[in-house]
Amino acid sequence: MTTTPDIATLPNGLTVDEARAEAARTYELDRAHVFHSWSAQAQIKPMTIVASDGSYVWDGEGNKLLDFSGQLVFTNIGHQHPKVVAAIQAQAAKLCTIAPQHANDARSEAARLIAERTPGDLNKIFFTNGGADAVEHAVRMARLHTGRYKVLSRYRSYHGGTDTAINLTGDPRRYPNDYASAGVVHFNGPFLYRSSFYAENEQQESERALEYLERLIQHEGATSFAAIILESVPGTAGIMVPPPGYMAGVRAICDKYGIVMIADEVMAGFGRTGEWFAIQNFDVTPDLITFAKGVTSGYVPLGGVAISEKIAATFADRAYPGGLTYSGHPLACAAAVATINAMEDEAMVANAKRIGSEVLGPGLRDLAARHRCVGEVRGLGVFWAVELVADQQTREPLAPYGGSSPAMNAVIAACKSGGLLPFANFNRIHAVPACNITDDEVRAGLAILDAALSEGDAAL
Ligand SMILES: Cc1ncc(COP(=O)(O)O)c(C=O)c1O
């Protein structure tokens, strides 16, 4: 790290020396006892974070880093928002916990605020602990509602780490978990830069992807599908914004064949694309929406399913066979209420939209024009991917699908040493900051990214 602490005391009141001592102990205990997600345990060196505030985090050396990662793309209101911290504290003093069969005010209000923001008649909210279990329940609801079993899901997607969710996932994390028995049929979705349909423009990509999807459904047995699950804008897989007409076309196919349309908004929801829900960019109403992450900005774990009247009616006089001990946990729901209210009061969704169209999007396009290692930038709101390539003509990725490379690692290291925390996946850097990031913070991040991309150019 070459960045130096710019204040002697961190936002949590620790001096830099105290923070370093705490971080050393934290790291030692982590390595001794913590088993990390998705990792070869002996090969990782987790970065210790000792403090955070707004768009910044501080590492174990006391270095201040601009957070362009949203952590795992969930701190949609930035770090330590005082109103949300206060609401969690107040709820803890009032009613820490209560069993899910009881009504509680935080859960009722969170459900109202979420339902009011979903499109169409998705008026009922089932709360889960996170995104994967939201996906599990959405699929279960669709199966019970239709009496069918198979589910369609696209390649280049992520839906969570539990059994059904990882089997729905279209990325290499599925392979070791794939029992070929989950009833999932994967398909290629639209992605013009790496088109599966030999398309030359967005319209062709959209039309051909829809034709192929419908043919696939017919060949698989049109009456065998309970649901199609799609991230409204695929996130971890590369922020491929669907072309005009695609989501409406999927909706029409679902209506034609009686298939439940599930929009997975775990990552794309709650302001990230400049709308409350990403599907609202396409004027489409799905039957179910899964959400998590941004609903509380990750301050307390919470997820859920927003349910249409039609599907909710299936369970009006027939018990829904599913539940969770912590469904609608008061602390999590109080965090959701405060998060949504803070986003509303401070116009964060509109800010995300403006940042995307006026600052972050144009800034990234400028970087793409100046760096040989950038193949494409794409996104909207505060949801952007920079696709790095070894060759702009052949579009060979700078790191292979599912892997890393020295050149990619050099770009990521240069971001961090320059004071920027990016989200990185295979050959991509994602710029996914908070919805309330300022213009100046975005410009500062772009300047660091500019320098880091020069490392990528140098590796070619
Ligand atoms: C689109 C999408 N769905 C589901 C999940 C799983 O959410 P969780 O990690 O909270 O279980 C994620 C997590 O990144 C996601 O991005």
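A few notes on this one:
- Being among the aromatic types (Phe, Trp, Tyr), touching a residue at least 12 places away in the same chain (Cβ under 8 Å) and open to solvent by 40 Å² or more (accessible area, probe 1.4 Å) holds for only one residue in 68, 74, and it is 74.
- When the stretch 134-145 is limited to residues that are crowded, with 24+ Cβ neighbours inside 10 Å and under 22 Å from the mean Cα position of the chain (by Cα), the one that is nearest to the ligand (Cβ to nearest atom) turns out to be 135.
- Among the residues listed as 108, 157, the single one being at pLDDT 95 or above, touching a strand residue (DSSP E or B) at 6+ places or on another chain (Cβ under 6 Å) and surrounded by fewer than 24 Cβ atoms within 10 Å (Cβ to Cβ): 157
- The strands (runs of 3 or more DSSP E) found entirely in the stretch 295-408 that carry 1 or more residues being basic (Lys, Arg), within 22 Å of the chain's Cα centre (by Cα) and surrounded by 15 or more Cβ atoms within 10 Å (Cβ to Cβ) are 374-380.
- Residue in the stretch 420-435 that is under 29 Å from residue 299 (Cβ atoms), in the same structural domain as residue 45 (by the TED database) and among the polar types (S, T, N, Q) present: yes
- In the stretch 213-228, residue nearest to residue 252 (Cα to Cα) [restricted to those that are among the small types (Gly, Ala, Ser) and under 27 Å from the mean Cα position of the chain (by Cα)]: 227
- Filter result for residue 231 (within 14 Å of the ligand (Cβ to nearest atom) and closer than 17 Å to residue 254 by Cα): yes
- Residues that are within 13 Å of the ligand (Cβ to nearest atom), in a loop (DSSP other than H, G, I, E, B) and surrounded by 23 or more Cβ atoms within 10 Å (Cβ to Cβ) are absent from the stretch 249-263.
- Note on the stretch 154-212: residues that are over 22 Å from the mean Cα position of the chain (by Cα), outside any strand (DSSP E or B), within 30 Å of residue 129 (Cα to Cα) and among the hydrophobic types (A, V, I, L, M, F, W, C) amount to 2.
The values are calculated or read from the model by the stated rules, or taken from the named source; none is laboratory data. Note that the coordinates shown come from a computational prediction; the quantities given were computed from them, not determined experimentally. Please note: Cβ atoms are built from the backbone with ideal geometry, for glycine as well, and neighbour counts cover all protein chains shown. Protein only, heavy atoms only, side chains kept; ligands, DNA and RNA dropped before computing areas. Shrake-Rupley method; radii C 1.70, N 1.55, O 1.52, S 1.80 Å.
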